[in-house]
1. State whether one or more residues within region 13-35 are in contact with a helix residue (DSSP H, G or I) (Cβ under 6 Å, 6 or more places away or on another chain), among the aliphatic types (A, V, I, L, M) and at pLDDT 70 or above.
2. Looking only at region 143-195, count every residue that is β-branched (Val, Ile, Thr), closer than 18 Å to residue 331 by Cβ and in contact with a Ser or Thr (Cβ under 8 Å, 6 or more places away or on another chain) and tell me the total.
3. Would it be correct to say that residue 232 is assigned to a helix (DSSP H, G or I), under 22 Å from the mean Cα position of the chain (by Cα) and farther than 18 Å from residue 419 by Cβ?
4. For region 131-224, list the helices (runs of 4 or more DSSP H) that sit wholly inside it and hold at least 2 residues that are at pLDDT 80 or above and closer than 30 Å to residue 238 by Cβ; which are they?
5. Return the residues of region 290-319 that are in a helix (DSSP H, G or I), in contact with a Leu (Cβ under 6 Å, 6 or more places away or on another chain) and more than 22 Å from residue 105 (Cβ to Cβ); say none if nothing qualifies.
6. Would you mind stating whether residue 251 is modelled with pLDDT under 85 and either touching a helix residue (DSSP H, G or I) at 6+ places or on another chain (Cβ under 8 Å) or over 26 Å from residue 92 (Cα atoms) (or both)?
7. Going through 51, 62 one at a time, which residue ends up being of a type in the set (Gly, Ala, Ser), surrounded by fewer than 24 Cβ atoms within 10 Å (Cβ to Cβ) and either in contact with a Gly (Cβ under 9 Å, 6 or more places away or on another chain) or at positive phi (or both)?
Amino acid sequence: MADKPTGKNWKTLDKDLGRISQFENAASYVSRPMVAPGIALIFIVLAGLAAGIFFGGASGSAIVVVAAIFGAYMAINIGANDVANNMGPAVGANALTMGGAILIAAIFESAGALLAGGDVVSTISKGIIDPAGIADSSIFIWAMMAALVSSALWVNLATWVGAPVSTTHSVVGGVMGAGIAAAGMAAVNWPTMGKIAASWVISPVLGGVIAAMFLAFIKARIVYQDDKLAAARRWVPLLIAIMAAAFAAYLSLKGLKKIIKIDITTALLIGVAVGAASYFISKPLIAKQSEGLENRNKSLKVLFSMPLVFSAAMLSFAHGANDVANAVGPLAAIVHATEFGDFAAKVAIPSWVMVIGAFGISFGLFLFGPKLIRMVGSQITKLNPMRAYCVALSAAITVIVASWLGLPVSSTHIAVGGVFGVGFYREWHTERRRRQNLATKAIKPVTAEERRRRKLVRRSHFMTIVAAWVITVPAAAAMSAVIFTLLHAVAG
């Protein structure tokens, strides 16, 4: 019979177990940063295998496989960077946990890409480069490949440093840079580029203005009313109805067109009908939810939490429909040019290409998204459910209109513009009330330095983000031109 362990033996065993535990913790700490890149690499490899299966045996299949790999890589980067703009406000306002935001975004991003994505693909893949400027389809293929690689690398770098840049900017800059390297300045369709550039300027301003207008409306009609809950019961269902109407009209125009063709008038009528139904459904629900709540701003945050979640889901759907083109547009152009030997005809998007884009965005969000979600949600300006709802509603409406028009606007610019719009409106409104109180001598004056310290929008983040927006197009274009030159030299 073995001797029983003595106290000394137990101490030795504890030390050994402690060393093993420390080793396991150290191994876990070292390996944890490698888990997400490892999973991403597996998805990228699977995307290449899928391309080989669906395109195997055809001439140029190797090029398509490589393009699918970089398309998957780009989709992952879009999920890591862009989706933060959809879910950041909801997480920053504590209406959603990080896990809940990722789950909702993954579902609705994929649904938007698969059901309604594809309209802006032709603009991304062909509208920027004039087909008349490039005679050889092989040169066009290498140009699209260079655009994919450069834009993916740039977005990856931006995500790593924590800058919410525009993936749309990156792709358009990549396509433009490769086109210039391939056939000179004449290859770029400058009128199209001009319209796209104008939309980049307009979209963040429009997003900010709409968000500020909604916030001003909420403050005037609900927050500053004597009976806040009664005002909320009157107006919150209307705000929900606006969101539902926009979503229904958008889905009718884009999602249902693969089943039945719907004109804009019919789509608007559907939107009005769904909005009215949502109003009458949400009105008793909001009334019931408000029972027992105190007549204070904290109660209003409770009433706005569910509409905020709904609006964030809608924005994810719109983002999936709009930004999937950034990942699969150049890939679809490469597939078409390889299969048919031309790039003048309209590009048809194969289902497997759309699946790569949709699932790549979801994987990128799940693996790498939390960093920028926190940045957008809490580090630019302080958000509560009411402010975040204004941001999400504004961004959703702007993205939907732009996607319907076929403009590759930046959802990053729109959403971040909405956050800035809310923050700067609060600054203006606070300053106005301060002056009114000074006039009535209700408060004491403060120094200019103290007023600067009380700014509600972090100026450092504002300047960093704007600088990143400005540099994205030239940086992606320069990288794309270099990569195209190298690819063409190796292939030639």
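The values are calculated or read from the model by the stated rules, or taken from the named source; none is laboratory data. These numbers were taken from a predicted model, which means no experiment stands behind them. Don't worry about glycine lacking a Cβ; one is built from the backbone with ideal geometry, like all the others, and counts go over all protein chains shown.
1. Pass one, region 13-35, residues in contact with a helix residue (DSSP H, G or I) (Cβ under 6 Å, 6 or more places away or on another chain): none.
No: zero hits.
2. 6
3. Working: assigned to a helix (DSSP H, G or I): yes; under 22 Å from the mean Cα position of the chain (by Cα): no; farther than 18 Å from residue 419 by Cβ: yes.
Considered against the rule, which asks whether it is assigned to a helix (DSSP H, G or I), under 22 Å from the mean Cα position of the chain (by Cα) and farther than 18 Å from residue 419 by Cβ, residue 232 comes out as no.
4. Once the helices (runs of 4 or more DSSP H) in region 131-224 are filtered for at least 2 residues that are at pLDDT 80 or above and closer than 30 Å to residue 238 by Cβ, what remains is 190-218.
5. Answer for region 290-319, where residues must be in a helix (DSSP H, G or I), in contact with a Leu (Cβ under 6 Å, 6 or more places away or on another chain) and more than 22 Å from residue 105 (Cβ to Cβ): just 299.
6. yes
7. 62
Conditions (1) at pLDDT 70 or above; (2) touching a helix residue (DSSP H, G or I) at 6+ places or on another chain (Cβ under 7 Å); (3) of a type in the set (Asp, Glu), marked per residue:
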site	(1), (2), (3)
437	yes, no, no
454	no, no, no
458	yes, no, no
466	yes, no, no
488	yes, yes, no
492	no, no, no
